[in-house]
């Protein structure tokens, strides 16, 4: 197994290795659980109303180039990268270091860009253009003088030229104070990009696009091939255009990024189908969940929990809030939450208590969540969550994205617009009781003895909700509703805990012949729902 590459502030397997690993797993296994169907609506095609045209001629030319590319055969451009650079190992690649004084706009702007060297697993470099006040793109030539080549990389400087391109780039801005420019965004590998806010460290990744994830034929990974970076004015966000290519899709993207306590991005994409796409993944997230409070079997580790994210939240068009805790399943698990025009969705790290991680290096307690607020293109479809078994925290094993109900056919076009932002714990203050924690264990009633009974598959679940300040607990008017498939639910109880600051929902679950159990639970008062919906998929070991 290849060694992890520490580029984003934590040790993780590089995207290229994850691509191959994910494809092998998804080819071997697939199971889908669909929930909550809604009415049909149409998608948004690329048209005069959503193209910039004369308002932004550079962006319009990028869109036009993507449209034209979709009518042509797909080819990957490695910029003539020397094969020796493709064959270097992890240690050698890490020995090539960008010189900060070579940053784009160094000393001239609040924003600065630093660049990654091509090679190692980054075999298909990107072309980067800058756009200044004259609104004319200028290609940024690769220059080996931008880098230090240390140790085993000492002989690599002469293997590039001005057309070599870069592996990617990172953006710096003084978020915390005026004395230092913090890295807050990075585009590196396929269509991946990462964002952090003022008090956050890198964890979850975003992607431009996911294609055919969790289908038997294997996943296709689109790549950003070209970027245009507009020099921002003082106090303004930074705008980046991008071209995307894959065997099935050509696309154009616009990112307007505002670094802040929570960094936000306005994303627009214009997609053109070169070939049929069975499943299109819009606003994808990639993250890691090794184990947490809800894990059935405790890990032999001093850290109580290890994960970049602990759940997925969706707010439906009707205002129903659905919380889906993440798991590290025994076998591949694909679940979906269907809706039409959802109000928002995201993957979160709700638990931000240091005591629950005790990791002074990874700092999982300050990993951000990512939240999407849809604007255009999110009609009938589903939020799909893919959970892949893993034994190591260096492997990103969680993927989530919005997928339209209608397949994307050759010759068609689609337009999407959404706001993406990093969040600490939660994206908004809910009026509902929200899930604080999910725990499970062997099913015993208070006072009963634990028995070593391997044939007893019944589990006890305790789900704690935060109590809204304007609702007092009342046994007479409040009711716990638990629903499940492929299993029997019993011993349901609802009662206040933590001096009334939380409500505990407790129940037993007995799977039917070790089948996967899909569950929903929520709290009612006088027949009205007063909590978010807890949605959980339990796989008996």
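Answer yes if at least one residue in region 33-45 is within 27 Å of the chain's Cα centre (by Cα) and at pLDDT 90 or above, and no otherwise. Yes: one or more hits.
Close contacts from region 140-153, counting a first residue that is under 10 Å from residue 95 (Cβ atoms) and a second that is in a helix (DSSP H, G or I), with Cβ to Cβ under 7 Å and a gap of 6+ residues or different chains, come to 149/156; 149/157; 152/91; 152/92; 153/92. Here region 290-303 is the region considered, the condition is being within 24 Å of the chain's Cα centre (by Cα) and within 13 Å of residue 439 (Cα to Cα), and the residue that is surrounded by the fewest Cβ atoms within 10 Å (Cβ to Cβ) is 293. If you go through region 464-481 and pick out every residue that is part of a strand (DSSP E or B) and either free of Cβ contacts under 8 Å to residues at least 12 places away in the same chain or within 14 Å of residue 538 (Cα to Cα) (or both), you end up with 0.
When the criteria are applied in full, residue 116 fails the requirement of being assigned by TED's automatic domain parsing to the domain that holds residue 250 and more than 30 Å from residue 174 (Cβ to Cβ).
Residues are listed down the side, and each one gets a yes or a no for (1) more than 20 Å from the chain's Cα centre (by Cα); (2) in a loop (DSSP other than H, G, I, E, B); (3) modelled with pLDDT of 95 or more:
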{"position": "355", "(1), (2), (3)": "yes, no, yes"}
{"position": "362", "(1), (2), (3)": "no, yes, yes"}
{"position": "403", "(1), (2), (3)": "no, no, yes"}
{"position": "417", "(1), (2), (3)": "no, no, yes"}
{"position": "437", "(1), (2), (3)": "yes, no, yes"}
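Taken together, 369, 344 contain a single residue that is crowded, with 18+ Cβ neighbours inside 10 Å, over 22 Å from residue 202 (Cβ atoms) and either in contact with a strand residue (DSSP E or B) (Cβ under 6 Å, 6 or more places away or on another chain) or without any contact (Cβ under 8 Å) to a residue 24 or more places away in the chain (or both), which is 344. Of the residues making up region 220-239, those that are touching a residue at least 60 places away in the same chain (Cβ under 8 Å) and touching a strand residue (DSSP E or B) at 6+ places or on another chain (Cβ under 9 Å) are 221, 223, 224, 225, 226, 227, 228, 229, 230, 231, 232, 238. Against the numbered list (1) within 24 Å of residue 366 (Cα to Cα); (2) touching a helix residue (DSSP H, G or I) at 6+ places or on another chain (Cβ under 9 Å); (3) surrounded by 21 or more Cβ atoms within 10 Å (Cβ to Cβ), residue 185 comes up short only at (2).
Residues are listed down the side, and each one gets a yes or a no for (1) in contact with a strand residue (DSSP E or B) (Cβ under 6 Å, 6 or more places away or on another chain); (2) at pLDDT 95 or above; (3) part of a loop (DSSP other than H, G, I, E, B); (4) more than 30 Å from residue 387 (Cβ to Cβ):
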{"residue": "148", "(1), (2), (3), (4)": "yes, yes, no, yes"}
{"residue": "154", "(1), (2), (3), (4)": "no, yes, no, yes"}
{"residue": "169", "(1), (2), (3), (4)": "yes, yes, no, yes"}
{"residue": "172", "(1), (2), (3), (4)": "yes, yes, no, yes"}
{"residue": "197", "(1), (2), (3), (4)": "yes, yes, yes, no"}
{"residue": "202", "(1), (2), (3), (4)": "yes, yes, yes, no"}
{"residue": "218", "(1), (2), (3), (4)": "no, no, yes, no"}
{"residue": "241", "(1), (2), (3), (4)": "yes, yes, no, yes"}
{"residue": "252", "(1), (2), (3), (4)": "yes, yes, no, yes"}
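Can you find even one residue in region 446-461 that is assigned to a strand (DSSP E or B) and either at pLDDT below 95 or crowded, with 19+ Cβ neighbours inside 10 Å (or both)? Yes - at least one qualifying residue is present in region 446-461. Consider region 506-541 and keep the residues that are in a loop (DSSP other than H, G, I, E, B) and on the phi < 0 side of the Ramachandran plot. The one that is modelled with the lowest pLDDT is 541.
The values are calculated or read from the model by the stated rules, or taken from the named source; none is laboratory data. Computed from a predicted model, the values in this text were never measured in an experiment. All Cβ positions, glycine included, derive from the backbone under ideal geometry; neighbour counts span all protein chains shown.
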